[in-house]
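These notes are about the structure you will find just below.
The values are calculated or read from the model by the stated rules, or taken from the named source; none is laboratory data. What you are looking at is a predicted structure, and each value in this text was computed from that prediction instead of being measured. Ideal geometry is used to build each Cβ from the backbone, glycine not excepted, and the neighbour counts take in all protein chains shown. Only protein heavy atoms, including side chains, enter the accessible area calculation; ligands, DNA and RNA are left aside. Shrake-Rupley method; radii C 1.70, N 1.55, O 1.52, S 1.80 Å.
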Amino acid sequence: MRKKWLAVALAVGIGGVATWGMSVSAQADNGALESYKSALKQTKEAGSLTAHAHLELTDNQTKLFAVDGVAKVDHEQKLGSVDGTYVDANGEGSFQAFREPTQMVFKKGDRDLYRVMEAMDWQQQQPEQDQHAMSSAMMEQVHKTLFGSMEKWTTMENLPDGGKRVSLKLDEEQMPVFAKMLGPIMYAKIVERSQEARAGEAEKGLALKLPALQEDVHLEQVVLNATINEQNQIEQQTAKVAIVGMDASGVVHTLRLTVDVRLSDLAATTPERVDLTGKQVEKVTREEMRSHWAKGGWRH
């Protein structure tokens, strides 16, 4: 499994949801965004949670890649665990990851090898005085410049069970210029990396094979939804992104990325732990991990 592609997919998908959350926090000036901001704050205050995530990428309705996983996080104890499966061009597989107070542990499902990396302290990634260096006014200006006035396209619906659904839908004509430009640039870079990996590791195939779009590449639609329960906590978030373009032979491709994250067991989650006693362990540095991912992932 090329972990690089798993990392890219999760970053793009979950990052889309997170970006909405950051923008909401910076420019919450209508009822829908204020409701989302309030629920986001209350969800974070739970301390621990379980996230059931599904990510899928299709090309003209043909599945290219899919990941399903369950992540358990306890911020107060600095613990976390992920248990996931994936389907890619090479078949099916699984993976596990564990976050302990002082280390990260990674394991590929069909291997007995546990890779261990020193963990960075969640609370000390940067000096406390730097965490609030940028004023809220500056953050608001940055987000409005990058993402436009998203409050115009954000709506809220009251649900029969007492909850709410906050939604953002941007079609091509409504997207900020930044979003229109960023999508094609990011896609071109990912395709370039995939071609480099294919050339260097042809004998092993490539986990993700993307069409090389060359003409009229553009973001067609972005849809984000958040379901808030009657306790004012976020219980589900979804993101759907569509990119359209034409390849060298004139075939039009519509790539759709779908991410669905359902939250449960807020303030009642206990992450899985791993006992490395008697197991095959390999210690790696953060730099080594980044280097291997940049070169296409661990080969064994």
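Below, the figures for the structure above:
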read-out: Within the range 88-105, tally of residues that are open to solvent by 50 Å² or more (accessible area, probe 1.4 Å) and out of contact with any Gly (no Cβ under 8 Å at 6 or more places or on another chain); value: 4
read-out: Meets criteria (modelled with pLDDT of 65 or more and under 30 Å from residue 267 (Cα atoms)) for residue 161; value: yes
read-out: Identity of the residue in the range 47-78, among the hydrophobic types (A, V, I, L, M, F, W, C) and open to solvent by less than 20 Å² (accessible area, probe 1.4 Å), that ends up nearest to the chain's Cα centre (by Cα); value: 55
read-out: Residue match in the range 91-99 (condition: of a type outside the set (Lys, Arg) and either part of a helix (DSSP H, G or I) or more than 26 Å from residue 257 (Cα to Cα) (or both)); value: yes
read-out: Any chance residue 237 is part of a loop (DSSP other than H, G, I, E, B) and either of a type in the set (S, T, N, Q) or at pLDDT 90 or above (or both); value: no
read-out: Neighbours by Cβ (under 9 Å, 6+ apart or cross-chain): first from the range 86-108, without any contact (Cβ under 8 Å) to a residue 24 or more places away in the chain and more than 17 Å from residue 281 (Cβ to Cβ); second hydroxyl-bearing (Ser, Thr, Tyr) and surrounded by 18 or more Cβ atoms within 10 Å (Cβ to Cβ); value: 92/86; 94/86
